[in-house]
Amino acid sequence: MKNGRPKIVLLGPPGAGKGTQAALLASQLGVPAISTGDMLRLAVASGSELGGRVQGIMASGALVDDATMADVVRDRLDQDDARQGFLLDGYPRTLQQVQTLDDHLAETNRPIDAVISLLADTDEVVARLLRRAEIDGRADDNEETIRVRLQVYADQTAPLLEVYRSRGLLVEVNGLGEIDEVSDRVFAALDAQGKPETRELVEPQ
Ligand code: B4P
């Protein structure tokens with residue numbers, strides 16, 4: 001691991017378990033889980049100017065524009081708790097976002113250590129999101145929007161996998177099965193790649 005604690009990106013289609021695994025991994029690794037989806041939902045709930053701009057886009061399943069996301073993520077990555085390490089959940093999602101993140105991390109000398117790609121098939125992710133809809137009632141967890149989000153992932157985010165694979169950063173993990181099984185697989189895969197000292201456990205704060 002270069003410079004401090006792990007710096008990890010978590011990729012996967014909606015419903016692959018990014019948010020779930022991000023929380024578990026981040027607390028084990030002693031870094032903040034930075035979920036752009038959660039940040040945007042918070043902005044919507046607070047009624048802020050940002051929230052007003054992104055509410056309709058999120059409810060449709062489309063992506064918020066890259067310039068807006070660049071501001072959101074730069075500000076968050078520059079907060080004290082993320083200076084040494086972080087787990088990014090849901091960013092980057094486009095090739096432009098990869099570029100923006102590369103530039104920002106280069107400026108602050110914080111290269112990414114690993115990119116975890118959670119794999120899950122379409123039937124499973126649709127079933128998971130529809131189950132979540134019954135519990136949480138999230139505006140974008142309905143069948144029509146889920147299909148849009150999956151298509152957006154295939155068109156705009158899946159190409160990122162090749163980018164990170166070619167840099168030798170990609171760690172692919174089967175996201176099917178129990179939540180603990182999946183996180184064990186993530187740690188095993190990171191260890192196997194000699195990536196961040198993932199068992200350098202830190203007491204959650
Ligand atoms: P996100 O919040 O990132 O939404 P998501 O892709 O659906 O992932 P989420 O984390 O919620 O679901 P997860 O896979 O964990 O983004 C929402 C919207 O925000 C986007 O559509 C976009 O509009 C906007 N946005 C966010 N980031 C952006 C960016 N960078 N650029 C532009 N726009 C952006 O899992 C879902 C469910 O599966 C959960 O209910 C969980 O309990 C369940 N689950 C997890 N693991 C499981 C397991 N092993 N078995 C069974 N169920 C499991």
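The values are calculated or read from the model by the stated rules, or taken from the named source; none is laboratory data. It should be emphasised that the depicted structure is a prediction, and the values quoted were computed from it without experimental measurement. Neighbour counts run over all protein chains shown; Cβ positions are idealised from the backbone, glycine included. Surface accessibility is based on the protein's heavy atoms, side chains included, excluding ligands, DNA and RNA. Shrake-Rupley method; radii C 1.70, N 1.55, O 1.52, S 1.80 Å.
Taking R110 as the residue in question, decide whether it is modelled with pLDDT under 95 and of a type in the set (D, E, K, R). Give the steps one after another, and end with the answer.
Working: modelled with pLDDT under 95: yes; of a type in the set (D, E, K, R): yes.
So R110 fits the description; yes.
Consider the stretch 38-49. How many of its residues are touching a residue at least 12 places away in the same chain (Cβ under 8 Å) and either surrounded by 23 or more Cβ atoms within 10 Å (Cβ to Cβ) or among the polar types (S, T, N, Q) (or both)?
Going through the stretch 38-49 one residue at a time, the tally reaches 0.
Looking at E143, E124, E162, can you tell me which residue is over 23 Å from A26 (Cβ atoms), at pLDDT 95 or above and surrounded by fewer than 19 Cβ atoms within 10 Å (Cβ to Cβ)? Quick ask: steps written out before the conclusion?
Numbers: E143 fails: at pLDDT 95 or above; E124 fails: at pLDDT 95 or above.
Answer to the check: E162.
Restrict the check to the stretch 30-37 and report whether at least one residue is over 25 Å from V148 (Cα atoms), surrounded by fewer than 19 Cβ atoms within 10 Å (Cβ to Cβ) and touching a residue at least 12 places away in the same chain (Cβ under 8 Å).
Going residue by residue through the stretch 30-37, those that are over 25 Å from V148 (Cα atoms) are 30-33.
Those still in the list that are surrounded by fewer than 19 Cβ atoms within 10 Å (Cβ to Cβ) too: 30.
From the residues that got through so far, the ones that are touching a residue at least 12 places away in the same chain (Cβ under 8 Å) too are 30.
The answer is yes; a qualifying residue exists.
Which one is farthest from the ligand (Cβ to nearest atom), of the residues in the stretch 62-80 that are among the acidic types (D, E) and exposed (fewer than 13 other Cβ atoms within 10 Å of the Cβ)? If you could, list the steps in order and put the result at the bottom.
Keep residues of the stretch 62-80 that are among the acidic types (D, E), which gives 65-66, 71, 75, 78, 80.
Filter once more, so that each one left must be exposed (fewer than 13 other Cβ atoms within 10 Å of the Cβ): 71, 75, 78, 80.
Details: D71: 12, D75: 14, D78: 17, D80: 22 Å.
Looking at residues that are among the acidic types (D, E) and exposed (fewer than 13 other Cβ atoms within 10 Å of the Cβ), I get D80.
If we keep just the residues of the stretch 180-192 that are within 14 Å of K18 (Cα to Cα) and of a type in the set (A, V, I, L, M, F, W, C), which is nearest to the ligand (Cβ to nearest atom)?
So, considering only residues that are within 14 Å of K18 (Cα to Cα) and of a type in the set (A, V, I, L, M, F, W, C), the one nearest to the ligand (Cβ to nearest atom) is V182.
Any idea which residue in the stretch 83-94 is nearest to V64 (Cα to Cα), counting only those that are assigned to a strand (DSSP E or B) and open to solvent by less than 10 Å² (accessible area, probe 1.4 Å)?
We begin by selecting, within the stretch 83-94, every residue assigned to a strand (DSSP E or B); these are 86-89.
In the following step, the residues that additionally are open to solvent by less than 10 Å² (accessible area, probe 1.4 Å) were identified as 86-88.
Working: F86: 22, L87: 20, L88: 17 Å.
Result: L88.
Give me the pairs, please: first residue somewhere in the stretch 71-85 and within 20 Å of E49 (Cβ to Cβ), second residue anywhere and of a type in the set (S, T, N, Q), beta-carbon distance under 7 Å, and either six or more positions apart or on two chains.
Listed pairs, sorted by first residue: V72/T36; V73/T36.
Test each condition in (1) more than 10 Å from the ligand (Cβ to nearest atom); (2) out of contact with any Gly (no Cβ under 8 Å at 6 or more places or on another chain); (3) open to solvent by 10 Å² or more (accessible area, probe 1.4 Å) for P14 and report the one that comes out false.
With respect to (1) more than 10 Å from the ligand (Cβ to nearest atom); (2) out of contact with any Gly (no Cβ under 8 Å at 6 or more places or on another chain); (3) open to solvent by 10 Å² or more (accessible area, probe 1.4 Å), P14 is out only on (1).
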